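The block underneath contains the structure these notes are about, expressed in structure tokens.
Please treat every number below as a calculation from the coordinates, not as lab data. The structure presented is a predicted model; accordingly, all values stated were derived computationally and were not measured. Counting neighbours? That spans all protein chains shown, and the Cβs are built from the backbone with ideal geometry, glycine included.
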Amino acid sequence: MANNDFIAYKESIESTVAHLDTNIQSGLSSAEAKARIEKYGPNELEAEEKRSLLQKFLDQFKDFMIAVLLVAAAVSAFVGVAEGEGVADAVVILIVVILNAIMGVFQEAKAEEAIDALKDMASPDAKVRRDGQVHTVKSFDLVPGDVVLLEAGDVVPADIRLVEASSLKVEEAALTGESVPVEKEIIDLSGKDAGIGDRLNMAFSSTNITYGRAVGVVTSTGMNTEVGNIATMLASTESQLTPLQRDQNNLGKVLTYMIIAIAVLTFAVGVFVQGEEVLHMLLIAISLAVAAIPEGLPAITTIILSIGTQTMAERNALIRTLPAVETLGSTQVICSDKTGTLTVNKMTIEKAFYNNQLHDASEEIALDNSLLRAITFANDTEVDNKGELVGDPTETAMIKFAMDKGQDLKAELAKTPRIDEVPFDSGRKLMSTVHQLEDGRYLVAVKGAPDQLIKRATKIELNGEIVDITQAHIDEVLTNNNNMARQALRVLAGAYKIIDTLPAKVDSDSVETDLVFAGLVGMIDPERQEAGAAIRVAREAGIRTVMITGDHAVTAQAIAERLTILPEGEDNADHVITGAQLDDMSDDELAKSVKNYYVYARVSPEHKVRIIRAWQANDVTVSMTGDGVNDAPSLKQADIGVGMGITGTEVSKGASDMVLADDNFETIVVAVEEGRKVFANIQKAVQFLLSANLGEVLTIFVATLLGWQILEPIHILWINLVTDVFPAIALGMERAEKGSMKHAPRGKNSSFLSNGVMPSIIYQGLLEGGLTLFVYWYARFQMNVDNNLAETMAFITLGLIQLFHAYNVKSVFNSLFSDNPFNNKFLNGATILSGVLLIGVVVTPGINQFFDVTVPNGEQWLVVVLAAASILVFVEIAKFIMRATGVADRYDKKDHEAV
């Protein structure tokens, strides 16, 4: 039985039965079923091994920046003990690192396991033939060769080769993404390659029977099913590092190199130029290196991301992993599933052809219109207890259309009850119902495929008059049918006839002849109006939208044109590609040509992952949206996976980084804007912290070279504590800068130090250090104060400079005064609080002695405040020069890339 060449959908029924060694009529014996379950295992999906809480906690320390901080804590503790200053610095760093790890574990703990969700989708029971009898068994007891009976409402319990099918329709949207249930047939596909959506002789595990009934033979169970294949892909797909995580790692490496260089240079100058003792200079160099590390950055980044998470939640975007907040801001391509994301996932009538004219669905229609009556009478839609329509989506669309026009179908059927029917059959593609009229005659209502129904019509109704149908009438009907089909509308026809007596046998031959043709209806799963607007906003922001769907190419192209993913009215065939065409392309070929395609149709889960990887091979940050099981591997592969909160399966949600609470594509674009703001705010915090630390390092380094004793370790610690952290967090509350969605996304090669941030850190750090050194020099040698007071003035100056400078970093290039400089109440509050804490240690008796500072007089305070405030003037001049010389524009073009 173990034949790797056996592909069930390509086999005939006879060869399938022979290969599986079973019997259609009696099924397997109980003994054989027991033997096979021991051989093949239970019909369930394997669970992924879960990580313990400790493993999740330790994973938080794999970040390069965190590793640097841990080394810094150890070195700081060593230096503190060696110099008799204690381990306060080391303790602060460790607290920051541990809190950051705890927050990361807490956020990750919210995530559901995707494989567990897949297991939950399995049908709890299945009806099988065993020992010649029909038994109900648990689905996990099914084995290859079991003969399964299916009917409407069942969940398919395994992959099954159909051997009997009566009007069978299977809803496979979760697996294929196709919005309309698939009509299954017992057909021979031997020698043909077919995607999942085209394997009409198969029913797949975890899909739903919406109509009809069937008998089939189980061909695959557990991990060997198509859903199992997805589970395998999901387990083997590695989660991608987010741009934020890459930036943090890169920043950590850059800082490490800079810190090592500073330490080595300081040590070399002290020992070889000034002749200081080796041990003394080693301690100074290490102290300087530790001071250069922005130990608060990981915690501040986490806080800013958490704030972004809360803001996004208020706007229906639920974040499952913190770095995903920022990743959306760098998204260059959004690959979106069609059904339910870009469309409303509800078939809707858009056109109606009757009285030899094409009408828009919005037009009024008479309630006694023959077409309206035909499509609602020949219909099996039911209304549940909640008043919701239940049934085949095409049939519910017809009832909804009639109800919207004011038809009381329940009352109509009470007057004209159904007394017989000829069910839908995929061979003749028609359905008919027979109704008792009040005058004793009978109404036959028929709906079905236009090309089949028109053959059975001998008359046509035109404006209430019944006339013989002519070839001209037929040509007009078929022309309108073809026109609607080219617009990707699914077209069905309606017809009727009135008979005096009921045939002895109600069947197709007796009632589906000599019909009066009533008209056509064209329906589609329409695009979400807000999705079209959001796609246009995304395009303006330099983001490409790509549609990936299991639907047919014609349908996908039409929807893509209506949404303006593709230009409407143009020949877009070259921008649409099918799964079959993808199969003929290697991964390298796809990577080279992926930018040519905007629409992918009839694709499988494997195709979706290949498409994502092809974009990633071009260094493009990709977001993938989806709601089905088939989307889960690509959601996990993408830089950020976006699941649907309402229609999405638990599997797709579990594989996602973000879930849309409203299933609205527009929310993605809103989240992109928020993500861009979050990145910009983290960038501001980085610029603020690194320029401040650079200012501190330069101050101490130059003072050491000049032999000045300018700042004590406790001064540096206090400045880092009160003037770094609060303003940096407040910068995370900044509003989005104007025009944030008017430029392309940042490229993958950009980082926290891109877009002019690195040169800004350097020149602003030089200014901070230079102004602090100037105040010390001016106080010590021009005002002739003692060293303690000069040191106090330098300490206050450096702290106040950083508070003034927090306002400079509200924008890299724009003037502080281009907008209200005080529009961030959090920054205003943080500045006041930090200022009070900074000045408080100077003017408060007892505390100032602990800090070894002296209270300045009025003139000295004036020097300090003017020098600190001058940072605003100098930076404004520098920004003006960069704008005037075009430097700002060059940075913007270099660091932002549209696809």
| message | About the Cα centre, and with charges only on the beta carbon of Lys, Arg (+1) and Asp, Glu (-1), how big is the dipole of region 348-524? Nearest 20 debye, please. | response | 280
| remark: In the chain, taking the dipole from +1 charges on Lys and Arg beta carbons and -1 charges on Asp and Glu beta carbons about the Cα centre, the listed residue (THR501, SER834, ILE365) farthest towards the positive end is SER834
| message | Please rank LYS742, LYS447, fewest neighbouring Cβ atoms within 10 Å first, as an exposure proxy. | response | LYS742, LYS447
| From Cα coordinates alone, what are the radius of gyration and Dmax values for region 504-551 in angstrom? | 22.6, 68
| task | Apply the Debye scattering formula to region 381-429, with a single equal point scatterer on each alpha-carbon and no solvent, then give log10 I(q)/I(0) at q = 0.13 Å⁻¹. | result | -0.38
| Contour minus Cα-Cα distance for GLN709 and ALA617 (0.36 nm per residue) | 27.7 nm
| Could you give the nm distance between label points at GLN849 and LEU462, where each point is 7 Å from its Cα heading toward the beta carbon? | 11.1
| remark: In terms of the charge dipole of the chain, which places +1 on Lys and Arg and -1 on Asp and Glu at the beta carbon, the residue among GLY739, ILE160, MET547 farthest towards the positive end is GLY739
| When the distances between all Cα atoms of region 581-727 are binned every 10 Å from zero, what whole-number percent does each bin get? | 10, 26, 21, 14, 13, 11, 4, 0
| said: Give the lysines whose C-alpha is closer than 21 Å to that of LYS39, dropping any in the same chain fewer than 8 places away, or say none. | reply: LYS119, LYS138
| note | The alpha-carbon pair-distance distribution computed for region 348-524, with 10 angstrom bins and whole-percent values, is 10, 41, 38, 10, 0
| remark: If the chain between ILE762 and SER30 were fully extended at 0.36 nm per residue, the gain over the current Cα-Cα distance would be 255.7 nm
| said: Neighbour counts of other C-beta atoms within 10 Å: give me LYS351, LYS405 arranged from fewest to most. | reply: LYS405, LYS351
| query | Roughly how many Å is it from the Cα centre of region 541-555 to that of region 514-533, as a whole number? | reply | 20
| said: Suppose the chain between SER586 and ASP5 were pulled fully straight at 0.36 nm per residue; how much longer would it get relative to their current alpha carbon spacing? | reply: 206.9 nm
| query | How fast does region 367-471 diffuse by Stokes-Einstein, in µm²/s, taking the Kirkwood radius from C-alpha pairs at 4 °C and 1.567 mPa s? | reply | 87
| field | Ranked packing of 477-485, 763-771, 558-566, most packed first, by mean Cβ within 10 Å | value | 558-566, 763-771, 477-485
| query | Measuring from centroid to centroid over Cα atoms, what is the spacing of region 210-227 and region 841-899 in Å? | reply | 69
| query | Dipole size in debye (nearest 20) for region 331-373 around its Cα centre, Lys and Arg Cβ +1, Asp and Glu Cβ -1? | reply | 200
| request: May I ask which residue of ASN356, ASN482, VAL434 lies farthest towards the positive end of the charge dipole of region 348-524, with charges of +1 (Lys, Arg) and -1 (Asp, Glu) on Cβ and the Cα centre as origin? | output: ASN482
| request: Just grab the label-to-label distance for HIS135 and LEU833, each label 7 Å out from Cα along the Cβ direction, in nm (one decimal). | output: 6.9
| note | Bridge orientation stat for the chain from DSSP, antiparallel percent rounded to 5, came to 75
| task | Please report the base-10 log of the normalised intensity I(q)/I(0) for region 725-873, using a Debye sum with one equal scatterer per alpha carbon and no solvent, at each q in 0.09, 0.20 (1/Å). | result | -0.35, -1.27
| query | Where in region 181-223 are there trypsin sites (Lys or Arg not before Pro) that are in a DSSP coil and have at most 14 other Cβ atoms within 10 angstrom of their Cβ? | reply | LYS192
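Place a +1 charge on the Cβ of each Lys and Arg in region 429-536 and a -1 charge on the Cβ of each Asp and Glu, then give the dipole magnitude about the Cα centre in debye, rounded to the nearest 20.
420
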| remark: Final fewest-first order of SER30, SER362, SER750 on the 10 Å Cβ neighbour count is SER362, SER30, SER750
| remark: Excluding residues fewer than 8 positions from LYS405 in its own chain, the lysines with Cα under 30 Å of it are LYS169, LYS338, LYS346, LYS351, LYS386, LYS415, LYS429, LYS447, LYS455, LYS459, LYS497
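Could you give me D for the chain, from Stokes-Einstein at 37 °C and 0.692 mPa s, where the hydrodynamic radius is the Kirkwood radius over C-alpha pairs? Units µm² s⁻¹, please.
Calculated translational D: 103 µm²/s.
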